[in-house]
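The values are calculated or read from the model by the stated rules, or taken from the named source; none is laboratory data. As the structure is a prediction and not an experimental result, all values here were calculated from the model. Don't worry about glycine lacking a Cβ; one is built from the backbone with ideal geometry, like all the others, and counts go over all protein chains shown.
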């Protein structure tokens, strides 16, 4: 019995879709990144020999902030990114060989940069302080907020200017923003104090903002009336009429108002 050698060629048909290396990708990009900044490159393979040409596209997500290279899978920035507006995007990408396709998900986190200054809740603060307040004590508190995160959003406070330099009547807690009275005040000496304050975040480079504080000292009844001079010895005739004016005396009080 004889033998015969037969060569059988198997013709490929397009029965395999492209397959991404990962079903889920996680990556990040800094806010404010320039257009065309590379974010990530995705890649897919196709088991079919006749359908090796793969094209890539974004089919959903990204708010038009990203584009993908159709032949190389390179994802780049295409629009403005602001973490304070949106901190992340979920993009669905597709790889197609012309008839079959598959998808993968790309999660893109937007990283913070120090692009926001701290902002005081008030441009001008006005506090009141009774003159008999015992030092040290808390007068009130200022607050500045920063939209950035981490150290970029951490705020420190300081007094940068006093209405009368060198007085050192007040102190500002750098962490809490509490305004402290460190020396006694006296309404009869000074009724109004002025401070210029600054808030600074801890980013690099640090960003700042300023505000002012007016402290109005309130009067309390801490002074007794006093006569303008020592009492006089007055002589009067024994036949003086009832109601006859002997002398006029004057007393003054350093307090204000009804005090």
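Side notes on the structure shown:
- Residue 168 being exposed (fewer than 12 other Cβ atoms within 10 Å of the Cβ), in the same structural domain as residue 204 (by TED's automatic domain parsing) and in contact (Cβ under 8 Å) with a residue 12 or more places away in the chain: yes
- Flag if residue 111 is under 30 Å from residue 57 (Cβ atoms) and either at pLDDT 95 or above or surrounded by 13 or more Cβ atoms within 10 Å (Cβ to Cβ) (or both): yes
- Count of residues meeting criterion [part of a loop (DSSP other than H, G, I, E, B) and within 26 Å of the chain's Cα centre (by Cα)] in the range 63-90: 11
- Scope the range 52-69; condition surrounded by 19 or more Cβ atoms within 10 Å (Cβ to Cβ) and either farther than 19 Å from residue 36 by Cα or in contact (Cβ under 8 Å) with a residue 60 or more places away in the chain (or both); matching residues: 54
- Test: residue in the range 220-243 that is at positive phi and either touching a strand residue (DSSP E or B) at 6+ places or on another chain (Cβ under 9 Å) or at pLDDT 95 or above (or both): no
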